[in-house]
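Scroll down for the structure; my scribbles are underneath it.
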């Protein structure tokens, strides 16, 4: 199964809600939040993957890089 991007998820979810007749301001806001969480997770995972050579889950380096990934996202996208 291939992964979908947060944008693809959001578009599909909006289309489904329109088709169901359940799209309103509240569901749109909820979908936006879900997509932003998904995007954040994807950016953090991509950052971690880029740092993979330096990660070692058996020591504190992994924890340090995890926090760097979160910091990167927060500084770049918030």
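The values are calculated or read from the model by the stated rules, or taken from the named source; none is laboratory data. On a predicted model such as this, the values are computed, not experimentally measured, just so you know. Note that we place each Cβ from the backbone using ideal geometry, even for glycine, and neighbour counts take in every protein chain shown.
In table form, for the structure just shown:
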| item | result |
| --- | --- |
| Single condition residue 2 does not satisfy, out of (1) within 11 Å of the chain's Cα centre (by Cα); (2) assigned to a loop (DSSP other than H, G, I, E, B) | (1) |
| Conditions (1) modelled with pLDDT under 90; (2) outside any helix (DSSP H, G or I); number of the one not met by residue 66 | (2) |
| Residue match in the range 26-43 (condition: free of Cβ contacts under 8 Å to residues at least 12 places away in the same chain and outside any helix (DSSP H, G or I)) | no |
| Number of positions in the range 5-25 that are part of a helix (DSSP H, G or I) and either in contact with a strand residue (DSSP E or B) (Cβ under 8 Å, 6 or more places away or on another chain) or in contact (Cβ under 8 Å) with a residue 12 or more places away in the chain (or both) | 7 |
